[in-house]
Amino acid sequence: MTTLPLSADLIAQANAREMAALDEDYSALGRKLERSGIAIDTIKDRVAGFSVAVPSWGAGRGGTRFAKFPIPGEPTTIHEKLEDCAVINQLSRATPRVSPHFPWDKVSDYAALREEAASLGLGFDAVNSNTFQDQPGQAQTYATGSLSSTVEATRQQAVEHNIECIEIGQKLGSRDLTVWVGDGTNFPGQQDFARSLDRYLDAAAQVYAALPDDWRMLLEHKMFEPAFYSTVISDWGSSILAAQELGPKAKCLVDLGHHAPNVNIEQIVARLHRFGKLGGFHFNDSKYGDDDLDSGSINPHQLFLVFNELVEAERNPRDGFNPAYMIDQSHNVTDPIESMLSSAEAIIQCYAKASLVDRDALHAAQLGNDTMMAFQALRSAYTIDVSPILARARAEAGGAIDPLAVYRSSQWRSRKAQERRPAGSSAGIV
Ligand SMILES: [Mn+2]
């Protein structure tokens, strides 16, 4: 039995007020698209079939190295986080899965947690391991790294933690393990580049060996931070080499913020797909580095270009193209529910726009070296306002035409502020 957190009547009443305007906008856009030979309902159906996972930790306020500023009513337990994730999904109908993180989301009974999520209309997505922080009572420190540490007992501890995450994930219905390690160096000469990678590969192979047949191991690369001179899995090159060495169940995960500024991420997407190694995405945006800003808030055009490659990839699948999509952001100054509603909208808009690209015209222009018309094939899709398509898909699925307005009118956060214990204000990147 599913019990969603917000009143269905509240959503229905708000939608009733918006419906006439939406009908008008949807019809007008439908006529415009029809002139280009596109049936708007086929795009709406694609939008309705698209979903993106939200991270459990994203439901809480994030922070920087300097501070975290909690808000009243912020969730502090996995149970409260699931409740907030259910609000996001109820309004957006686009985020039906939660990506958990261990040990942050540890509970004693995972079968019960799975049922609790299901009762809120949620399932679980990729499981994330954590070998970049020390936990109370932990035998070995990760100060020397984890899967690549020179200390054998530390590597072993990291391997065992990842295997435990797989076991938990099996109980939760997950099928992916995402592995990001903070391993790296801050000084030239601190570690040997080749031997560090050897140790990582050897330890990662032990985790890989524990994967069930239908699981994937998603390797997340990151150029810097917390290590600032070198990182063991620093870029997509290191990632794909490691994934190729580990085996077919190892894939690469692209976090949009984990690259040098101005890197052509859409080309990386195409490269990884070409070799059957594109396994997943962490959506966010950035201005300077791994800022973890809201998806599409800084560079929505880049997000569109990434989706353009993903739609191309969908048309030319290799090795079971089925990337795990997740939002990975740090909500430092907004209500996390509002940020994730807004981000899901930005992500799906780019997916819808990429779906509108006239691929025959694009490919013909590319083959004919007609640079301007190739560019215009992308530009004309990018400039279309697809928001009526998203709103219609949401409303038909029981979500809100205007999710932010309904969320505000629900007074969810202030009601939760009466019930939930206050969150701590410790610093910390999430
Ligand atoms: Mn990430």
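Brief remarks follow.
- The number of residues in region 220-237 being within 16 Å of the ligand (Cβ to nearest atom) and not in a loop (DSSP other than H, G, I, E, B) comes to 3.
- In summary, residue 202 fulfils each of the numbered conditions (1) charged (D, E, K, R); (2) within 16 Å of the ligand (Cβ to nearest atom); (3) assigned to a helix (DSSP H, G or I) with the single exception of condition (2).
Table: residues versus (1) in contact with a helix residue (DSSP H, G or I) (Cβ under 7 Å, 6 or more places away or on another chain); (2) farther than 25 Å from residue 171 by Cα.
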position: 114; (1), (2): yes, no
position: 119; (1), (2): no, no
position: 123; (1), (2): yes, no
position: 132; (1), (2): no, no
position: 137; (1), (2): no, no
position: 140; (1), (2): yes, yes
position: 144; (1), (2): yes, yes
position: 152; (1), (2): no, yes
position: 156; (1), (2): no, no
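- From the options 65, 35, 61, 97, residue that is without any contact (Cβ under 8 Å) to a residue 24 or more places away in the chain and among the basic types (Lys, Arg): 35
- Selection status of residue 97, of a type in the set (Lys, Arg), in contact with a helix residue (DSSP H, G or I) (Cβ under 6 Å, 6 or more places away or on another chain) and buried (at least 21 other Cβ atoms within 10 Å of the Cβ): no
- Residues within region 254-296 that are of a type in the set (Gly, Ala, Ser), surrounded by 21 or more Cβ atoms within 10 Å (Cβ to Cβ) and within 15 Å of the ligand (Cβ to nearest atom), tallied: 4
- Of the helices (runs of 4 or more DSSP H) contained entirely in region 1-105, those carrying at least 2 residues that are in contact with a Phe, Trp or Tyr (Cβ under 9 Å, 6 or more places away or on another chain) fall at 40-48, 78-92.
- For region 156-179, a residue qualifies if it is of a type in the set (Lys, Arg) and either touching a Cys at 6+ places or on another chain (Cβ under 9 Å) or in a helix (DSSP H, G or I) (or both), and exactly one does: 171.
- If you go through region 174-205 and keep only what is among the hydrophobic types (A, V, I, L, M, F, W, C), within 30 Å of residue 98 (Cβ to Cβ) and out of contact with any Phe, Trp or Tyr (no Cβ under 9 Å at 6 or more places or on another chain), you end up with 179, 203, 204, 205.
- Filter result for residue 158 (among the small types (Gly, Ala, Ser), surrounded by fewer than 16 Cβ atoms within 10 Å (Cβ to Cβ), more than 16 Å from the ligand (Cβ to nearest atom) and modelled with pLDDT of 95 or more): no
- Residue list for region 104-126, restricted to those being surrounded by fewer than 19 Cβ atoms within 10 Å (Cβ to Cβ), at pLDDT 95 or above and not β-branched (Val, Ile, Thr): 106, 108, 109, 111, 112, 114, 115, 116, 118, 119, 121, 123
- Condition check for residue 146: of a type in the set (Ser, Thr, Tyr), part of a loop (DSSP other than H, G, I, E, B) and loosely packed, with under 14 Cβ neighbours inside 10 Å: no
- Filtered by the rule that a residue be more than 24 Å from the chain's Cα centre (by Cα) and assigned to a loop (DSSP other than H, G, I, E, B), region 180-199 gives 186, 187, 188, 189, 190, 191, 192.
- Residue 249 vs. criteria in contact with a Cys (Cβ under 6 Å, 6 or more places away or on another chain), more than 16 Å from the ligand (Cβ to nearest atom), modelled with pLDDT of 95 or more and under 21 Å from residue 197 (Cβ atoms): no
- Of the residues making up region 238-267, those that are under 21 Å from residue 346 (Cα atoms) and in a helix (DSSP H, G or I) are 265, 266, 267.
- Members of region 220-253 found to be polar (S, T, N, Q) and either under 20 Å from residue 286 (Cα atoms) or surrounded by fewer than 21 Cβ atoms within 10 Å (Cβ to Cβ) (or both), listed by number: 230, 231, 234, 238, 244
The values are calculated or read from the model by the stated rules, or taken from the named source; none is laboratory data. The model shown is predicted, which means the values in this text are computed figures rather than measured ones. Counting neighbours? That spans all protein chains shown, and the Cβs are built from the backbone with ideal geometry, glycine included.
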